[in-house]
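The values are calculated or read from the model by the stated rules, or taken from the named source; none is laboratory data. The shown structure was predicted, so the numbers you read here are calculated from the model rather than taken from an experiment. Counting neighbours? That spans all protein chains shown, and the Cβs are built from the backbone with ideal geometry, glycine included. Quick note on the areas: whole protein, heavy atoms, side chains included, nothing else; ligands and nucleic acids left out. Shrake-Rupley method; radii C 1.70, N 1.55, O 1.52, S 1.80 Å.
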Amino acid sequence: MLEFNASQIQMGASAPDKAAALALLAGRLIDDGLVAPGYLAGMQAREAQGSTYLGQGVAIPHGTPDTRDQVFHTGVRLIQFPDGVDWGDGQRVYLAIAIAARSDEHLRLLQLLTRALGEGDLSQALREAREPEALVELLQGAPQELALDSQLIGLGLAAEDFDELLWQGARLLKKADCAASGFANSLAQGQPLPLGNGLWWLHSDQAVLRPGLAFVTPAQPLQLHGQSLTGLFCLASLGEAHRRLLERLCDLLIAGQGATFSQATSSRSVLEALGGELPADWPTRCVTLANAHGLHARPAKLLTEIAQSFSGEIRVRLAGEAGQGVSAKSLSRLLGLGARRGQALEFSAEPVIAEDALAALEAAVLDGLGETIEPWVAGAARSELSPADATPSRGKTPAPAAGARLQAVAAAPGIAMGPALVRTAQTFEYSHQGGGLVVELQRLRQALEQVDRHIQRLVESTAEANIREIFTTHRAMLGDPALREEVEARLAEGLSAEAAWSAEIDAAAQQQEALHDALLAERAADLRDVGRRVLAELCGVAAPVEPEQPYILVMDEVAPSDVACLDRQRVAGILTARGGATAHSAIIARTLGIPAVVGGGEAVLALTQGTELLLDGERGLVRVAPDAQTLQQARREREAGLRRRERAHAERLQPAVTGDGHRVEVAANIGASGDTAEAVELGAEAVGLLRTELVFMDHPQAPDQATQESEYRRVLDALDGRPLVVRTLDVGGDKPLPYWPMPAESNPFLGVRGIRLSLQRPDILETQLRALLAAAEGRPLRIMFPMVGAIEEWRAARDLALRLREEIPLADLQLGIMVEVPSAALLAPVLAREVDFFSIGTNDLTQYCLAIDRDHPTLSAQADGLHPAVLRLIGMTVEAAHAQGKWVGVCGELAGDMLAVPLLVGLGVDELSVAPRSIALVKARVRELDYRHSQTLADQALGLESAAAVRALVEEGQ
Ligand code: PEP
Ligand code: MG
């Protein structure tokens, strides 16, 4: 179970005291690249807060929440101290297990570890072990008892045949954590053994987690191989754990007591006969855990202390889980529950102490077990797939009236008109009771096949590799045998295909979401997406019929996978209720060249299908059912726009020079190296922002120097002597890499991202810099570091680059920073002395300046880069740079906003780096300008009070 191997264990160590032992353990973690040196302080601080002694001569030292950012990889390292180390409170530790983990993995790891320790005292054996392998065996091979309790007995079950009964038995074993996915299938392949009295025996040792025996009986007697079937024993077999029980069962059968099982009406009688764990008839109490990090060591310890103050047995389990629970007096068992915030703990206690003990435990949990807690609000988590929740929000807010003019956020330029196709959440209605396993299984399979065929068609018809990948993942989810097995088990319980499918998807998605891992949460969204498709297929709920002519797609938010389904010939424009200009949906719409307005408000979802809409993606305007005159005017504008676009395209290779001779460089923002040639063809004078994280995301592990070199060389080759501005890896927080796990952060945008993360892994930054320098081969290279907020960050990164340049010389190298954090803009006069250039990332600069999450579902519409506060930061940056003779670019989305161009030019920005499709238009816009007039306009804008006022000012001046 635990992924220990001998190489992670150091045998025969000695340490005079706990401090020395901690230093040794931290040294192992550091040497093996699991943590940064700062983690030792965290381990020490953690011990000062409370001992990590677990019991049985084992301690589990680990860091504090403050030092989680020092963890690079989750893992454990073990050191054996045969002479023992005094761990305080008279406890001696013979085996210390140093844990490098972030919040949630930490609990999971503890859970695995404590399960492995079992209940017997291993301390002597751990101390005397001579080989690491022996320790591994001890930790993994703690003797396991056969699980057999009331949760594993199912009597009088609705089953139409042997297969259905078998599924039920397997399901009980799985619920009791005895078996994993795949168990039911392997059980079904076994040879059932008749025991007489209509009783049968079946076992499997495949996918077994711990040994357990389930006993199930059908509501109606069944037949198997021409004999009666009144009861079935299903064994999850592991080692010899079941031997004694089997002997006892044989004795009972030989003694003619088979009817005890075949006619059993209570699980108690079965358990009494077999010697299983009898259900205790004890008072219970449920209380929800509200501790932010769940039941981790410190609160658990307090709980054990309270439980220990009562002389009598107290057990606890996660509410709704199978089994008798664990002793509330055992720290290791409590940790083994892996209880998280929001889960309810169900305590049960011997009747004689129950009243006082349960009240004390409940009060302690509600009080936070020594921690400050935010009370848990029930019902915060809801099932997205449940029919009630799938009810669209339509009707809550009235639709805008005919003739209404909505001002929203300009997301992708262009004028579009057409009937509305409103796509809201679908409502699914279905019966929970199925028409029998065979029928429901058949329905489910047909639906899965149908959806799979549909997704396959999407994969084939999608040109974009990343979108194809999303759908390939969806297909894999549909075909996941574990998922199917779970659903089939639910079908065997009598559920309909719809109910079984949605319950399983809901459970699986919730499980992933509960891990608070950004990547897994994304997978959960995919799972729900796939879930909805299959449910729609099963319920015969069709997507709204597409109008004949090109239409305006109206949605709550457009997810990348929605965009992939769009037929660009048919979708004239996109209007969303939520989202802002820098949200994903907007960036994708721009890339695809579909006019888009986002953040229109909930009312747009209430529009009647087919309502005529007019959308201006440049001004962020929407007209509902416009009159003929307005439409006519819009058509003229669109015609003029198209002509302007054609003219701009024809002159795309000419430089962008204002009427009075001021030149502005227009460059391209590139994600993938392969896009460079097209960008040059579209008029790019340089690459102004190469987002290198895409190079990293395209690989299953961090790409090595050679791989990166060839990617960068490809860009430089296509640029043919034009400059390349590269941003070093900008991941972390909201943009994790699969192979670079990061701790969940409550506020990732304010967490470890960009240069902060790179400086924690200088090896990765160094490889990237080496690859860039080597690929340049004398060509103009500008390297910039993302998210710099402090001068030390810049200096550390610069020093590394300069050191490497001594090894890999490059004459035309400039080093700069992205100005994305207000502190960098405010510090620009200081930074400008040291950098070669600035490139302003207005997407982030705006979110940090205005304190609005750029992906915030409702607020991001207000994150407008034309806010005078943001413009002031840009102005300060330019002024500081020019005072030192340095240049400034803008590479955020603002640079491609036609209303922003005159202001950025007026503020003195030297380079605008935009999506390749916008290059020609931006150049054309610059040519229309008069530099002096733009300067005056920018001055006026700086004195205004809001983004709306700035937009109005520029529009007036057009
Ligand atoms: C920015 O923040 O403006 C920027 C260009 O970087 P990104 O959008 O990749 O965060
Ligand atoms: Mg940024």
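Tally the residues that are in a helix (DSSP H, G or I), open to solvent by 10 Å² or more (accessible area, probe 1.4 Å), more than 13 Å from ligand 1 (Cβ to nearest atom) and of a type outside the set (G, A, S), restricting the search to segment 851-883.
Of the residues in segment 851-883, 5 are in a helix (DSSP H, G or I), open to solvent by 10 Å² or more (accessible area, probe 1.4 Å), more than 13 Å from ligand 1 (Cβ to nearest atom) and of a type outside the set (G, A, S).
Any idea which residue in segment 852-867 is modelled with the highest pLDDT, counting only those that are more than 16 Å from ligand 2 (Cβ to nearest atom) and farther than 22 Å from V914 by Cβ? Give the derivation first.
Step one: of segment 852-867, the residues more than 16 Å from ligand 2 (Cβ to nearest atom) are 857-859, 861-862, 864, 866-867.
Next, only the ones that are farther than 22 Å from V914 by Cβ stay: 857-859, 862.
Numbers: P857: 64, T858: 68, L859: 76, Q862: 81.
Taking the candidates together, the pick is Q862.
From R268, R244, which residue is within 25 Å of V316 (Cα to Cα) and not in a strand (DSSP E or B)? Steps first, answer last, please.
Numbers: R244 fails: within 25 Å of V316 (Cα to Cα).
Of the residues listed, the single one that is within 25 Å of V316 (Cα to Cα) and not in a strand (DSSP E or B) is R268.
Do you know which residues across segment 760-785 are open to solvent by less than 50 Å² (accessible area, probe 1.4 Å), among the charged types (D, E, K, R) and without any contact (Cβ under 8 Å) to a residue 60 or more places away in the chain?
Correct list: E766, R782.
Looking at this structure, is G226 on the phi > 0 side of the Ramachandran plot and in contact with a Pro (Cβ under 7 Å, 6 or more places away or on another chain)?
Details: on the phi > 0 side of the Ramachandran plot: yes; in contact with a Pro (Cβ under 7 Å, 6 or more places away or on another chain): no.
Taking the combined requirement at face value, the residue does not satisfy it.
Can we say E678 is away from ligand 2 (no atom under 16 Å from the Cβ), surrounded by fewer than 16 Cβ atoms within 10 Å (Cβ to Cβ) and outside the structural domain of L904 (by TED's automatic domain parsing)?
Details: away from ligand 2 (no atom under 16 Å from the Cβ): yes; surrounded by fewer than 16 Cβ atoms within 10 Å (Cβ to Cβ): yes; outside the structural domain of L904 (by TED's automatic domain parsing): no.
No, not satisfied.
Report whether or not R927 is assigned to a helix (DSSP H, G or I) and either in the same structural domain as V666 (by TED's automatic domain parsing) or not basic (K, R) (or both). Walk me through how you get there before you give the answer.
Values: assigned to a helix (DSSP H, G or I): yes; either in the same structural domain as V666 (by TED's automatic domain parsing) or not basic (K, R) (or both): yes.
In short, yes.
Residues in segment 665-683 that are within 16 Å of ligand 1 (Cβ to nearest atom) and in contact (Cβ under 8 Å) with a residue 60 or more places away in the chain: how many?
Kept after step one, since they are within 16 Å of ligand 1 (Cβ to nearest atom), are these residues of segment 665-683: 666-672, 675, 679.
Those still in the list that are in contact (Cβ under 8 Å) with a residue 60 or more places away in the chain too: 666-670, 675, 679.
Number satisfying all stated conditions: 7.
Would you say E945 is in a loop (DSSP other than H, G, I, E, B) and open to solvent by 20 Å² or more (accessible area, probe 1.4 Å)? Break it down into steps so the answer makes sense when it comes.
On the way: in a loop (DSSP other than H, G, I, E, B): yes; open to solvent by 20 Å² or more (accessible area, probe 1.4 Å): yes.
Judged against the criteria, E945 is a match.
Inspect all residues belonging to segment 907-916 and state whether any of them is among the acidic types (D, E), more than 19 Å from A596 (Cβ to Cβ), part of a strand (DSSP E or B) and within 40 Å of the chain's Cα centre (by Cα). Give the steps one after another, and end with the answer.
Narrowing segment 907-916 to residues among the acidic types (D, E): 910-911.
This time we only want the ones that are more than 19 Å from A596 (Cβ to Cβ), so: 910-911.
Filter again for part of a strand (DSSP E or B), leaving 911.
After this cut, where a residue has to be within 40 Å of the chain's Cα centre (by Cα) as well, the list is 911.
Yes; the residues of segment 907-916 include at least one that is among the acidic types (D, E), more than 19 Å from A596 (Cβ to Cβ), part of a strand (DSSP E or B) and within 40 Å of the chain's Cα centre (by Cα).
For residues that are among the aromatic types (F, W, Y) and closer than 15 Å to G957 by Cβ, tally how many sit in segment 875-910.
We begin by selecting, within segment 875-910, every residue among the aromatic types (F, W, Y); these are 887.
Now narrow it down to the ones that are closer than 15 Å to G957 by Cβ: none.
Selection size over segment 875-910: 0.
Does L337 satisfy being open to solvent by 20 Å² or more (accessible area, probe 1.4 Å), under 34 Å from the mean Cα position of the chain (by Cα) and modelled with pLDDT of 85 or more? Break it down stepwise before answering.
Numbers: open to solvent by 20 Å² or more (accessible area, probe 1.4 Å): yes; under 34 Å from the mean Cα position of the chain (by Cα): yes; modelled with pLDDT of 85 or more: no.
For L337, the condition - open to solvent by 20 Å² or more (accessible area, probe 1.4 Å), under 34 Å from the mean Cα position of the chain (by Cα) and modelled with pLDDT of 85 or more - is not met.
For G789, which of the numbered conditions (1) part of a loop (DSSP other than H, G, I, E, B); (2) open to solvent by 20 Å² or more (accessible area, probe 1.4 Å); (3) more than 25 Å from V870 (Cα to Cα) fails to hold?
Only one criterion in (1) part of a loop (DSSP other than H, G, I, E, B); (2) open to solvent by 20 Å² or more (accessible area, probe 1.4 Å); (3) more than 25 Å from V870 (Cα to Cα) is unmet by G789, namely (3).
Report, by residue number, each residue of segment 884-903 that is away from ligand 1 (no atom under 13 Å from the Cβ) and not in a loop (DSSP other than H, G, I, E, B). So that I can check it myself, show each step before the final result.
If we filter segment 884-903 for residues that are away from ligand 1 (no atom under 13 Å from the Cβ), which is where we start, we get 884-888, 898-899, 901-903.
Correct list: W887, V888, V901, P902, L903.
Here are some residues: A36, A19, A26, A45. Which one is under 32 Å from the mean Cα position of the chain (by Cα), among the aliphatic types (A, V, I, L, M) and surrounded by fewer than 16 Cβ atoms within 10 Å (Cβ to Cβ)?
Values: A36 fails: surrounded by fewer than 16 Cβ atoms within 10 Å (Cβ to Cβ); A19 fails: under 32 Å from the mean Cα position of the chain (by Cα); A26 fails: surrounded by fewer than 16 Cβ atoms within 10 Å (Cβ to Cβ).
Unique residue meeting the criteria: A45.
Any idea which residue in segment 730-759 is nearest to G889 (Cα to Cα), counting only those that are open to solvent by 50 Å² or more (accessible area, probe 1.4 Å) and at pLDDT 90 or above?
Step by step, filter segment 730-759, then rank; the result is R756.
Considering R445, R453, R423, which residue is basic (K, R) and touching a residue at least 24 places away in the same chain (Cβ under 8 Å)?
Values: R445 fails: touching a residue at least 24 places away in the same chain (Cβ under 8 Å); R453 fails: touching a residue at least 24 places away in the same chain (Cβ under 8 Å).
The conditions single out R423.
Given the conditions (1) on the phi < 0 side of the Ramachandran plot; (2) open to solvent by 60 Å² or more (accessible area, probe 1.4 Å); (3) away from ligand 1 (no atom under 16 Å from the Cβ), which single one is not true for H662?
Exception for H662: condition (2).
In segment 807-825, which residue that is closer than 14 Å to V725 by Cβ and more than 12 Å from ligand 1 (Cβ to nearest atom) is surrounded by the most Cβ atoms within 10 Å (Cβ to Cβ)? I'd like the intermediate steps shown before the answer.
Let us first name the residues in segment 807-825 that are closer than 14 Å to V725 by Cβ, namely 812-819.
Among the residues that remain, those that are also more than 12 Å from ligand 1 (Cβ to nearest atom) are: 812-817.
Numbers: D812: 11, L813: 18, Q814: 16, L815: 20, G816: 27, I817: 31.
If we take residues in segment 807-825 being closer than 14 Å to V725 by Cβ and more than 12 Å from ligand 1 (Cβ to nearest atom), then I817 is surrounded by the most Cβ atoms within 10 Å (Cβ to Cβ).
What number of residues in segment 949-958 are in a helix (DSSP H, G or I) and either open to solvent by less than 40 Å² (accessible area, probe 1.4 Å) or free of Cβ contacts under 8 Å to residues at least 60 places away in the same chain (or both)?
6
Condition first: open to solvent by 20 Å² or more (accessible area, probe 1.4 Å) and assigned to a loop (DSSP other than H, G, I, E, B). Can you find one or more residues in segment 163-176 that meet it?
No, because not a single residue in segment 163-176 is open to solvent by 20 Å² or more (accessible area, probe 1.4 Å) and assigned to a loop (DSSP other than H, G, I, E, B).
Across segment 51-84, what is the number of residues that are of a type outside the set (S, T, Y), touching a strand residue (DSSP E or B) at 6+ places or on another chain (Cβ under 7 Å) and assigned to a strand (DSSP E or B)?
Final tally of qualifying residues: 13.
Counting only residues that are among the β-branched types (V, I, T) and more than 12 Å from ligand 1 (Cβ to nearest atom), which one in segment 826-850 is farthest from the chain's Cα centre (by Cα)? Please lay out each step first, then the result.
Narrowing segment 826-850 to residues among the β-branched types (V, I, T): 830, 835, 840, 842, 846.
From the residues that got through so far, the ones that are more than 12 Å from ligand 1 (Cβ to nearest atom) too are 830, 835.
Values: V830: 38, V835: 36 Å.
Filtering first and then ranking leaves V830.
Residues are listed down the side, and each one gets a yes or a no for (1) part of a helix (DSSP H, G or I); (2) within 16 Å of ligand 2 (Cβ to nearest atom):
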residue	(1), (2)
S758	yes, yes
D763	yes, no
T767	yes, no
R779	no, no
R782	no, no
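All but one of (1) among the aliphatic types (A, V, I, L, M); (2) over 27 Å from the mean Cα position of the chain (by Cα); (3) within 16 Å of ligand 1 (Cβ to nearest atom) hold for A790; which doesn't?
The one condition A790 does not meet is (3).
So E685 passes all but one of these: (1) over 21 Å from the mean Cα position of the chain (by Cα); (2) at pLDDT below 95. Which condition number does it fail?
(2)
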